[in-house]
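Below: the structure, in structure tokens.
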Amino acid sequence: MQSIYSDQRTWLHSVSAGLKLLALMCLGVGLYATSNQLLLSIAFVFCLLVYTSLGRVGWRARRLLMPLLLACLLVLGFHAYMQQIDLGLVSALRMLSISLMGVAFTLTTSTAGLLHTLEWLMQPLHKLGVQTHRIALQLALMLRFIEHFFMVWQQLDDAHKIRTGKSGGLRLLAPLTLHMLQSAKRVADTLTLRLPR
């Protein structure tokens with residue numbers, strides 16, 4: 001299964017997955033705890049600086065941010081039409097900030113690091129007899145499949161543009177679904193062979 005995790009080391013790679021996950025959670029809570037445009041603008045500039053500090057690693061993943069920019073423009077356009085431009089700006093700043101940090105987290109956090117963090121977080125449940133390693137694996141796989149979904153979508157859209165000169169749009173839904181089902185089957189077969197019953 002494909003991943004956008006980068007093996008090229010950056011300063012953010014050396015930060016533990018748990019600390020990055022905590023920072024991402026605090027950022028998300030903070031962004032939705034205020035509607036102050038100045039505070040949200042400062043948060044956005046901070047997130048943008050963190051992302052750009054990744055250098056080439058962040059630059060190579062810039063295509064993942066293009067749909068985000070389009071979504072923000074649509075949100076701004078909708079709120080401008082509804083004469084709620086302030087609400088549109090607040091929503092766009094929140095989306096941009098959390099998405100920049102989400103992509104930075106994904107680029108610099110390995111699946112193993114994420115899995116270890118999730119298992120650590122669920123240690124109290126393990127004492128109650130819950131098989132936390134399986135739950136952690138399921139959560140990690142879910143996150144990676146979301147990432148894989150967007151990567152495959154982008155690749156299919158690029159291939160369609162090369163052939164036709166136009167974006168694939170909804171035409172990509174069928175091949176995308178087939179590809180994701182095949183990926184899920186391969187992962188399921190692998191887990192069936194490797195995991196203890």
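Being exposed (fewer than 13 other Cβ atoms within 10 Å of the Cβ) and either in a helix (DSSP H, G or I) or not charged (D, E, K, R) (or both) is a property that holds for residue 193.
Taken together, the residues in the stretch 59-101 that are open to solvent by less than 20 Å² (accessible area, probe 1.4 Å) and either among the charged types (D, E, K, R) or under 13 Å from the mean Cα position of the chain (by Cα) (or both) amount to 3.
Here is the figure for the stretch 1-53: residues that are outside any helix (DSSP H, G or I) and farther than 19 Å from residue 143 by Cβ total 7. Taking every residue in the stretch 148-167 that is more than 20 Å from residue 181 (Cβ to Cβ) and pairing it with any residue that is of a type in the set (Asp, Glu) and crowded, with 16+ Cβ neighbours inside 10 Å, at least 6 positions away or on another chain, the pairs with Cβ-Cβ distances below 9 Å are 167/157.
You will find that of 32, 81, the residue that is touching a residue at least 24 places away in the same chain (Cβ under 8 Å) and either over 28 Å from residue 8 (Cα atoms) or in contact with a Gly (Cβ under 9 Å, 6 or more places away or on another chain) (or both) is 32 and no other.
Pick from the stretch 1-23 the residues that are open to solvent by less than 40 Å² (accessible area, probe 1.4 Å) and not β-branched (Val, Ile, Thr): which of them is farthest from residue 154 (Cα to Cα)? My answer is 18.
For the residues 125, 69, the requirement of being at pLDDT below 85 and farther than 30 Å from residue 189 by Cα singles out 69. Look at residue 50 and say whether it is under 16 Å from residue 106 (Cα atoms) and either buried (at least 16 other Cβ atoms within 10 Å of the Cβ) or in contact with a helix residue (DSSP H, G or I) (Cβ under 7 Å, 6 or more places away or on another chain) (or both). In short, yes. Screening the candidates 133, 160, 148 for the property of being open to solvent by 30 Å² or more (accessible area, probe 1.4 Å) and either of a type outside the set (Val, Ile, Thr) or within 26 Å of residue 19 (Cα to Cα) (or both) yields one hit, 133. Of the helices (runs of 4 or more DSSP H) lying entirely inside the stretch 84-174, the ones with 2 or more residues being closer than 22 Å to residue 68 by Cβ are found at 85-108, 132-164.
The values are calculated or read from the model by the stated rules, or taken from the named source; none is laboratory data. Note that the structure is a prediction, hence the values are computed from the model and not measured. Glycine also receives a Cβ, built like all others from the backbone with ideal geometry; neighbour counts cover every protein chain displayed. All accessible areas refer to the heavy atoms of the entire protein, side chains included, with ligands and DNA or RNA removed. Shrake-Rupley method; radii C 1.70, N 1.55, O 1.52, S 1.80 Å.
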